[in-house]
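Quick notes on the structure that follows.
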Amino acid sequence: ILEHFKSLPKPPTAIMAYNDYIALSLMRTARHMGMALPDDLGVVGCDDIEACSLIYPRLTTLRQRREEIGKAAMEVLEERIERGRWDNPREVLCGTEFVERESVADLTKSKTKVADASPEDSQRIAAA
């Protein structure tokens, strides 16, 4: 993935991975390719596993509210057991928390404001 991105005329400046394990793997691969994190590439994960804080640069991530997810799952299970029916699908939204660490550049210190980015720049954002 990184080799492909790096070969693009305007490679992405950041990648958001599906989970922290993939993000950590991307970080390792980027370093092996000689990329500086976050100067050449910013990386964001999702889950906030313990390893996020144990590596350098520490991984920026989306922390999922596991207790909230567990509580919602128990409520749905209890409701289904009480009704004796399992055919009532429903959507449950549980919040996340953005945990900013060193794996992304500080855009507040950037000379180019995010609001001034061109449509071409917005295409540089990639999801892994």
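The values are calculated or read from the model by the stated rules, or taken from the named source; none is laboratory data. Bear in mind that the values here come from a model prediction, so they are computed numbers and not experimental data. Positions of Cβ are backbone-derived with ideal geometry, glycine not excepted, and every protein chain shown enters the neighbour counts. These accessible areas exclude ligands, DNA and RNA; they are computed on the full protein's heavy atoms, side chains included. Shrake-Rupley method; radii C 1.70, N 1.55, O 1.52, S 1.80 Å.
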Any chance you could list the semi-axes, whole Å, largest first, of the equivalent ellipsoid that the Cα gyration tensor gives for the stretch 67-110, using √(5λ)?
40, 10, 6
Per the rule of 0.36 nm per residue minus the C-alpha distance, extending residue 36 to residue 80 adds in nm 10.8 nm
Å² of accessible area per residue within the stretch 1-89, as computed with a 1.4 Å probe and no ligands counted
65
Mean Cβ count within 10 Å, highest first, over the residues of peptides 46-59, 18-31
18-31, 46-59
Place a label point 7 angstrom from the Cα of residue 91 along the Cα-to-Cβ direction, then list the residues of the stretch 63-81 whose backbone nitrogen is under 12 Å away.
none
How do 41, 62, 93, 8 stack up against each other in accessible area, from largest to smallest, with a 1.4 angstrom probe?
93, 8, 62, 41
Computed ³J(HN,Hα) along the stretch 85-100: with the Karplus parameters 6.51/-1.76/1.60, θ = phi - 60°, integer Hz and x for glycine or proline, the list is 10, 10, 9, 10, x, 8, 9, 10, 9, 10, x, 10, 10, 7, 10, 7
With N set to the residue count of the stretch 1-87, report its C-alpha Rg divided by 2.2 N^0.38 Å to two decimal places.
1.56
Under a point-charge model restricted to the Cβ atoms of Lys and Arg (+1) and Asp and Glu (-1), what is the dipole moment magnitude of the stretch 1-107 relative to its Cα centre, in debye to the nearest 20?
280
